[in-house]
Each structure stands twice: as structure tokens, then as C-alpha cells.
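Following: one structure in C-alpha cells, then a few remarks.
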């Protein structure tokens, strides 16, 4: 079976958002924090695109830009993968993660519960109701599962940006960055018993935001101005690394699926993560042919309605800016 019909959730969906805030995470936060369809219960941060402290500072700055500082709890999580050496994606997101934007906004790092404990506590308070959206390495939730192996089954669903089912990786020939950074964490998450949607490079590589798209953004306000400036640098880096004049909206797509699942077509498959391979480490191996005869554990996004998604994204950015005014 495939899912091709648009399905907007008319009841507010309880969401936990797990991020390593670089450029596209920031835009995902803008969408999540301003969506009337979403009840954002909190944001957890993890190292990935950049170090943990910078990811947290960026998250807090984006919330402050939106006028929502103090509205949503922000909890710091893992500063490194479960077992591996830490590494970042500064060649894509720059040394600050946001191309030097928002540096003038003062914030203080939170001194509260660790991310995995906040996840457990919040999920326990709302069993069967929470959508966990992860747009980063999955270390935080993997640590939560280590403490409470049952906690995945208490979620409504997981939507994660990561992996690639039937294509090239962006961290290695076969692996996508978020999974490659902490394959052991992803392996644990995929086996946690939750309903899972994988939003991988199969669709996010098609989620291209172009200069023409950005020119269509209406409004003179700090939100639209920030998006235009931060994506301009992101586009230059994409062109340098991939020859693309545009920027890929990996993380906003995953967030947007919590609002409207109809942007993508998904197919259920058994997916495993390679954790011990010379050439394929971090690969999300998708059993398209049912070779292993194992029950499907992931709904894999395979097709994207790019035009519908980009129109939605631009509309939400404009609305966030108008609300800010």
C-alpha cells in the first residue's frame, strides 16, 4: 500500500522536535513553532550539523526572532554520538550553523533536564499522542530508549529526516549524514516499535528551494529577511559542493509532514542500518524485494510533490513574518 492522498490534521498535533540547528533546521523550527496545526511541546538539541552548544544557541535565537522565547522548553542533549567520534557539517552550514545570522540576539543556554529525560517525561504524560520529529542524528532518542526500551511504543509516530533508500548518500556513497553520524542510534530507533516515517534523500533531494522561489516571498519583516539571507549562503555552499543553485529543504519537509502527509508517497518496508562496514557504514538498507521476509518497520518516503511542498513552505514563512509584524 502507498499513501498518496493529502491529509491535513485538523486537531492540533502534539509534537516534540529534535534538532541540530543549522540552516534547514532553523526553517523547520519556523514552520513548527508557528503552525496552528501543531502543539509544540518542546525542542531538544543534539550535536550534528554543528556542536551542541551552537545548535542550542541557534535554536534559542530562532525562537527569539519569532517572538517565542520562553514559550517552548528547549533541552540540550547529546554532545557526541553514542560510541563514535564527533564530527560536524560546517562545510555545509558554516562555522556558526546559520551563516553568521542572528549573532546579535543574546540568549543563555538552558540549565534543565537532559533531552532524553525530557523526552521520556513528556511522552509518559501524553501516551499515544506525540509525534516525534527528528531532523538530526538520533542520539537523543536512542539514549531515551536505552533508559526506557518501552518509550518508543508510547509514541503516536516518529517522522525523521535521514537515510536514503534507493540512491546516493551525501556523507558517503551509500550513507546520509544524519544516519552516518550515529548509525548505532538510528539502528536502535528503527527497532523501537514505533510507527516510523523515513524522510530520506529519496525525497529531500527533490525539495529544492530556488532563487526564483525566494524572490516570490512577500513581506518586509525580520523572518522573511532572515530566511533570504541564511539561504543565500546555503545556496552558495550547495553550488560549491554539489553544483546546485538552490538549497535543499531536508528538515522543513520532515516537519511539514507532521502537518500534511500528502506531500510525499510512502511505501512500507523493512529497513536496517549498517553499523559495521568498510564501504557501506551508515547505509539505510531497504528491503524492497522482501528478501529477508521481515515485517516492515518503516514507511519510506519515495516520491515528493515538490510544487505543493514549496508553495506550502513559502506560505508558512510569509505567515510567520506577518504574525511577527
Exercise for the section: Would you check which residues across the stretch 170-188 are closer than 19 Å to residue 22 by Cα, in contact (Cβ under 8 Å) with a residue 60 or more places away in the chain and crowded, with 20+ Cβ neighbours inside 10 Å and list them? Expected result: 176, 177, 178, 179, 180, 181, 182
Problem - Unmet requirement for residue 110, which otherwise passes all of (1) in contact (Cβ under 8 Å) with a residue 60 or more places away in the chain; (2) touching a strand residue (DSSP E or B) at 6+ places or on another chain (Cβ under 6 Å); (3) not in a helix (DSSP H, G or I) - result: (1)
Problem - Verdict on residue 163 being in contact with a helix residue (DSSP H, G or I) (Cβ under 6 Å, 6 or more places away or on another chain), on the phi > 0 side of the Ramachandran plot and in a loop (DSSP other than H, G, I, E, B) - result: yes
Handout entry: Residues located in the stretch 257-278, provided they are crowded, with 21+ Cβ neighbours inside 10 Å and within 17 Å of residue 181 (Cβ to Cβ)
Key = 273
Practice task
Evaluate the following for residue 286: is it within 20 Å of residue 138 (Cβ to Cβ), in contact (Cβ under 8 Å) with a residue 24 or more places away in the chain and surrounded by fewer than 18 Cβ atoms within 10 Å (Cβ to Cβ)?
Solution key: no
Practice task
Check residue 218 against each of (1) assigned to a loop (DSSP other than H, G, I, E, B); (2) touching a helix residue (DSSP H, G or I) at 6+ places or on another chain (Cβ under 6 Å); (3) crowded, with 18+ Cβ neighbours inside 10 Å; (4) modelled with pLDDT under 95 and name the one condition it does not meet.
Solution key: (3)
Practice task
Report yes if residue 294 is over 15 Å from residue 163 (Cα atoms), modelled with pLDDT under 95 and surrounded by fewer than 22 Cβ atoms within 10 Å (Cβ to Cβ), otherwise no.
Solution key: no
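The values are calculated or read from the model by the stated rules, or taken from the named source; none is laboratory data. Computed from a predicted structure; not experimentally measured. Cβ coordinates were reconstructed from backbone atoms using ideal geometry, including for glycine residues, and neighbour counts include every protein chain displayed.
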